[in-house]
Structure formats: C-alpha cells, structure tokens
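For reference, the structure discussed in these notes is given below.
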Amino acid sequence: MQATVGDEIHVHGRTVGSAEQRGEILEVRGEHGGPPYLVRFADGHEGLVFPGSDCEVQTRAE
C-alpha cells in the first residue's frame, strides 16, 4: 500500500454493525509512501495507522 499526504484512507468495519471510518492522511512515515500513516479522522481525532486488509487508500483528486 502506498499513499501521499492528502489522500483519504477508508477503514471498513470488521464486524456487523461497525461503521466505516474515513480520514485524511496528514503524514507518511514509511519509505516510498508506505505505512505507517498519521491520519485525522472525520470526528477530529488523529492516530497512527498501520493499514490492514480492511483498509484502502483513495488518491486525492487534483
């Protein structure tokens, strides 16, 4: 998985009833666009994300 600052990350719910979370990638800490990513989620909290199989990155529209 590769990303750049400004891309959006989608974390799909892993259990029934879990909502999808979306956030903006603020910082890429891995080499060549790799994880981990510092993400600001829609509710305002920020966290370091090591994406798994339940995540996808959507490239920002330019």
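The values are calculated or read from the model by the stated rules, or taken from the named source; none is laboratory data. Computed from a predicted structure; not experimentally measured. In this analysis, Cβ positions are derived from the backbone assuming ideal geometry, glycine residues included, and neighbour counts consider all displayed protein chains. The area values use the complete protein model at the heavy-atom level, side chains included, leaving out ligands, DNA and RNA. Shrake-Rupley method; radii C 1.70, N 1.55, O 1.52, S 1.80 Å.
Side notes on the structure shown:
- Rg ratio (alpha-carbon, reference 2.2 N^0.38 Å) - the chain: 1.06
- For the peptides 26-33, 7-14, the ranking by mean Cβ contacts within 10 Å, running from highest to lowest, is 7-14, 26-33.
- Candidate residues Phe50, Phe41: accessible-area rank, largest first, probe 1.4 Å: Phe50, Phe41
- The string of couplings for the range 47-60 from the Karplus curve (6.51, -1.76, 1.60, θ = phi - 60°) is x, 8, 10, 10, x, x, 5, 8, 10, 9, 10, 10, 5, 5 Hz, one whole number per residue in order, with x for Gly and Pro.
- Each Lys and Arg adds +1 at its Cβ and each Asp and Glu adds -1 at its Cβ; summed about the Cα centre, the chain shows a dipole of about 120 debye.
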